[in-house]
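In what follows, a structure is listed as structure tokens, so that the remarks can point back to it.
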Amino acid sequence: MSLLVDPCCCKTTLTSSRFFGIPTSAMSMRAVFAKNKTRGLGFGLRQVRAMQTVTLPDLDYDFSALEPTINGEIMQIHHQKHHRAYVTNYNKALEQLEEAIGKGDSSKVVGLQGAIKFNGGGHVNHSIFWKNLAPKKDGGGEAPHQSLGWAIDTSFGSLDNLMKKINADGAALQGSGWVWLAYDKELKNLKVETTPNQDPLITKGQNLVPLLGIDVWEHAYYLQYQNMRPDYLKNIWDVINWKYASQVYKKESA
Amino acid sequence: MSFQHLQISPAVVSYRRVDSPKSPTCRPKYPQVNTVNLHRSWKSTKVVAYYGLTSPPFQLDALEPYMSQKTLEIHWGKQHQSYVDGLNKQIANSPLYGYTLEELVKVSYNNGNPFPEFNNAAQLWNHDFFWESLQPNGVKMPWGGFLEQIEKDFGSFSNFKENFVAEAMSLFGSGWVWLFLKKTDKKLVVAKTSNAINPLVWGDIPILSLDMWEHAYYQDYKDDKEKYVNTFINNLVSWHSATARMARAEAFVNLGEPKIPVA
């Protein structure tokens, strides 16, 4: 048996001596793949299998561990409600996408991109964010050393300068979004970027790797800081987990 | 309340100093504005006007339990105030000085390539409009001609409410939901906008709005957007304001054939 994939509409057709030319639904194809799991069937079939769903990652610390910088109520709602909603809606959108691809409904496939970008982006961004934070007793707020420390000094002059730039860009961001410390894999340098809403950093450049992301959506700080976003940004440095950022930087710049 | 808004529109006062003509080659990169100067015989006094913070047409605790006093104290007292202060700082030395707020919103939008003043100006206007769209113990639905128009354009009042809630729930990020009169189509439309954008920039006439920025509801509803939107549409809408705005809008948009009596 072999599989033909029509590139125009993603319709897949199972062909064999008996079943030549009959379009097959995603469901029955899954049944075929399940039987032929050990054989490579080619044509990128694995992409058409059931989409991998995502799950809400656990925090490495208690909700109240980041006090007084970010209070426990914010952390709990942020993680349990907001991030969970992104996960749920992303999985839902993926399900609908799989169905639309299976049916060859290109309009629906394109129409779902907004929900995927928003909810998928929300999941990706927040997963990074939880790693970017750590309680003081676990190294939160400790300045970066070694390669990342040197890279920051080279690119920005000093850690203070970097913090000032991130604070300024974060405060100036209109509406909702994120402010990032990014590593450019191609140019091999660090830069500060912002993205609107839940757009992940990669939308600003395919070569950008997020080292540090700070959520400046109002839900990240409003209950504690109200409209004083600059105060939130000033304080969050006390719980930034530079160890994680350094790990990512070492790995990407190797 | 009206004196807090000390604005001098170019249409009202347009004196110019006669002893220092503007160089004809000096062209500001922004559209031409009229500055206001009072001419005295031996000295001139410059009158400068700024935008002010208008009060909501109700006490800050009047919308309880649907919108708490604490929310309004922060939303109006701090957030709205910060837009006023921010705009006045920007306008002080800007060629955009001298417009009414509504004109400034349209001019600073610059057809989709907004100037830095747009965010503060539009958010200032949006919040003024929003407070007027809220009413304590308001009536639950419109009546008369306005209700007929809603039924004509949405099918039924509950259809309109469903539309409104659906738009609010499908907004990604910060923004607003509007009921507005589309001039070209001559009908009422519900649509969401991002960040500070409002129907004025499209040349349309806003009738009602709901603030969907998180700061509007987070204190009272946390992440439960749906409850906030439903509470607004069922309990807080000022249909009086909407009707008045609609009546004014009909001076600009002909919504139907005039009933000319046959002799």
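Taken together, the values in this text are just the output of simple stated rules run on the coordinates, not laboratory data. Just so we're clear, the structure is a prediction, and the values are computed from it rather than from any experiment. Don't worry about glycine lacking a Cβ; one is built from the backbone with ideal geometry, like all the others, and counts go over all protein chains shown.
For the range A:69-253, the relative contact order works out to 28 percent when only alpha carbon pairs closer than 8 Å and six or more residues apart are counted.
Among the listed pairs A:K204/A:K251; A:K117/A:K185; B:K70/B:K222; B:K106/B:K182; A:K131/A:K185, those with a Cα-Cα distance over 18 Å are A:K204/A:K251; A:K117/A:K185; A:K131/A:K185.
Net length available on complete extension from A:A171 to A:L159 is 2.5 nm, with 0.36 nm assigned per residue and the Cα-Cα distance removed.
Charge tally around A:D60: other residues with Cβ under 10 Å, Lys/Arg +1 each, Asp/Glu -1 each, net -2. Tell me the net charge near A:K117. Cut-off is 15 Å between Cβ atoms, A:K117 excluded, with +1 for each Lys or Arg and -1 for each Asp or Glu. The answer is +1. Each listed q (0.17 Å⁻¹) maps to a log10 I(q)/I(0) for the range A:69-253 from the Debye sum over equal C-alpha point scatterers, namely -1.11.
Here A:K243 is the anchor, and the aspartates and glutamates within straight C-alpha reach of less than 17 Å, apart from those fewer than 8 places off in the same chain, are A:D60, A:D138, A:E142, A:D153, A:E252. Counted by Cβ distance under 12 Å from B:P57, the other residues give a net charge of -2, where Lys and Arg count +1 and Asp and Glu count -1.
Please work out whether the range B:69-255 counts as rounded, prolate or oblate from its C-alpha gyration tensor, where a ≥ b ≥ c are the square roots of the eigenvalues and a/c under 1.5 means rounded, while otherwise a/b larger than b/c means prolate and anything else oblate? Judged from the Cα gyration tensor, the range B:69-255 comes out oblate (a/c at least 1.5, b/c at or above a/b). Between A:G177 and A:N197, A:V216, A:W217, the built amide H atoms are under 5 Å apart, and every one of these is 5 or more places off in sequence or on another chain.
Annotation: amide H-H contacts under 5 Å for A:L212 (H modelled 1.01 Å from N, sequence separation of 5 or more, or interchain): A:L181.
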